[in-house]
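Read the structure below first, then the notes.
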């Protein structure tokens, strides 16, 4: 049965674009990492196309690895703090939502509640917190820690962290502000609540010194396909960012996460599953292929080697780029997409060189991308959407703003022609445009 809702679409933001060589592309702004006007342009392009949001990935640490490669890959080496950036960008837009990443491993719940609460008020209710636990040791080195705690410990802290933030966001009931000049009462004292949380990881009295936001509370996003991650998403998330490698796995993931929601009293439509997808679009297949290949050609081998080593979790230093891949350095499994890993293994068994493998991986490194015409990309999205592999997509444009301009001018009209995507925004808040409900304030609900 055809769906009655519409695709949700967001722009994934690395400063220059998702491809590691994007900063060298003539369609990028080489000074954009420290120039807000670059991000304003991306935001205005996104809003003009009626996209739902801009999604800012983040890690509060510079990358580690071979200095020769890192000197050629600026994505994580020079970037704005995302909550600051999205708050500024909200003042140059009216309807576009903003998603910023912040880790529960290095903030305190009160900080997050106050930062995102402020941003949500300033934007008029268009903010979303992407909840992460962090997965790189180098982040811990900046926060008085020797690397990362174990995965299970990070998720345990995260569960409690999110609950505390939700409690703080409920401090003021929706009608707590009286603003009565005549009586001299600013708020109703019975509708402002202490949290008094005491748990294993946090002790937080509250209340949050901020009224309830225009959309109730900021939207919650999450990524992660582990068992704890899926359970946390079913309980708390309203958007899930995935990197599924194919449609069958995505359908299974979609069904798995949504099936868990009922036991938390949640409706399935209040969670949007949104895989990230790399898009190379052209008016013809040849043009799209040429655009994809141009970026591969711009990527220095040192950068490709660093990326490949990170994916395979193996040491390739000293290996000859122009000899067959050293099969003894191929691990049994990889931490990322298993489907892509198996594809790379098959590729190297055919005798391809390490340089050829780097090039192949550069084209395929998300395991979830498409290069083609507007009709081909719309066909791809329509199938995933209609068969419930996705509720929408996070657009990992290889270059910014060039590839985003290609998508908004070539693909969006085709999606609109098919009735798959909006022609006007439905609401002023991010919740309203995503079609997810406003959560009830716990204290108001308790009053009956």
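Roughly how far apart, in whole Å, are the Cα centres of the stretch 229-272 and the stretch 392-435?
Here the answer is 22 Å between Cα centres.
Enter the angle in degrees (range 0 to 90, nearest 10) between the Cα long axis of helix 36-48 and the first principal axis of the Cα atoms of the chain, meaning the one along which they spread out most.
The angle comes out near 80 degrees.
Starting from the Cα gyration tensor of the chain, multiply each eigenvalue by 5, take the square root, and state the resulting semi-axes largest first in whole Å. All intermediate terms of the calculation are to be shown ahead of the outcome.
On the way: eigenvalues 293, 128, 89 Å².
With the √(5λ) rule applied to the chain, the semi-axes are 38, 25, 21 Å.
Length gain on complete extension for the stretch residue 37 to residue 4, per 0.36 nm per residue less the alpha carbon to alpha carbon distance?
Numbers: separation 33, 0.36 × 33 = 11.88 nm, distance 3.73 nm.
Additional length available on full extension: 8.1 nm.
Can you tell me how the stretch 265-413 classifies by the Cα gyration tensor, rounded, prolate or oblate, using a/c under 1.5 as the rounded cut?
Taking the square roots of the gyration eigenvalues as a ≥ b ≥ c, the stretch 265-413 is oblate.
Can you give the FRET efficiency to the nearest 0.05 for residue 197 and residue 313, using r as the Cβ-Cβ distance and R₀ = 56 Å? Walk me through the numbers on the way to the answer.
Numbers: r = 38 Å, r/R0 = 0.68.
In this case the efficiency is close to 0.90.
Could you tell me which of rounded, prolate or oblate describes the stretch 367-448, using a ≥ b ≥ c as the square roots of the eigenvalues of the alpha-carbon gyration tensor, with rounded for a/c under 1.5 and, failing that, prolate when a/b is larger than b/c and oblate otherwise? Kindly include the intermediate steps, with their values, before the conclusion.
Values: a/c = 2.41, a/b = 2.23, b/c = 1.08.
Verdict is prolate for the stretch 367-448.
By how many degrees, 0 to 90 and rounded to 10, does the Cα axis of helix 285-298 deviate from the longest principal axis of the chain?
With both axes taken from Cα atoms, the answer is about 90 degrees.
Using only alpha carbon pairs under 8 Å that are at least six residues apart, calculate the relative contact order of the chain and give it in whole percent. Please report the intermediate quantities before stating the final value.
Numbers: 803 pairs, mean separation 102.2, N = 448.
Once divided by the residue count of the chain, the mean separation gives 23 percent.
How would you rank 125-131, 423-429, highest first, on the average number of other Cβ atoms within 10 Å across their residues? Intermediate values should be presented prior to the final figure.
Details: 125-131: 26.6, 423-429: 14.3.
Ranking the peptides 125-131, 423-429 by packing returns 125-131, 423-429.
Does the stretch 180-248 classify as rounded, prolate or oblate by the C-alpha gyration tensor (a ≥ b ≥ c root eigenvalues; a/c under 1.5 gives rounded; else a/b over b/c gives prolate, otherwise oblate)? All intermediate terms of the calculation are to be shown ahead of the outcome.
On the way: a/c = 5.25, a/b = 2.12, b/c = 2.47.
It is oblate, given that a/c is not under 1.5 and a/b is not larger than b/c.
Helix 338-349: angle to the longest alpha-carbon principal axis of the chain, degrees 0 to 90, nearest 10?
10
For the pair residue 287 and residue 445, what calculated FRET efficiency results from E = 1/(1 + (r/R0)^6), where r is the Cβ-Cβ distance and R0 = 60 Å, to the nearest 0.05? Don't skip to the answer; put the middle values down first.
On the way: r = 55 Å, r/R0 = 0.91.
Calculated transfer efficiency: 0.65.
Taking every DSSP beta bridge that has both residues in the chain, what percent is antiparallel when rounded to the nearest 5?
Working: 8 of 44 bridges.
Percent antiparallel among DSSP bridges in the chain is about 20.
Sequence gap at least 6, Cα distance under 8 Å: using those rules, report the relative contact order of the stretch 287-364 to the nearest whole percent.
Values: 66 pairs, mean separation 28.8, N = 78.
Averaging sequence separation for qualifying contacts and normalising by length gives 37 percent for the stretch 287-364.
Sorting check: for 229-242, 372-385, which peptide has the highest mean count of neighbouring beta carbons within 10 Å, and how do the rest follow? Intermediate results must be reported in sequence, preceding the final value.
Values: 229-242: 22.4, 372-385: 19.0.
Sorting 229-242, 372-385 by mean packing, highest first, produces 229-242, 372-385.
Compare 409, 87, 101 in a GNM of the chain, Cα atoms joined below 10 Å, and give the one with the largest fluctuation.
For the chain, modelled as a Gaussian network with Cα springs under 10 Å, the answer is 409.
Taken together, the values in this text are just the output of simple stated rules run on the coordinates, not laboratory data. Owing to the predicted nature of the structure, the values given are computational and were not obtained by experimental measurement. Note that each Cβ is placed from the backbone with ideal geometry, even for glycine, and that neighbours are counted across all protein chains shown.
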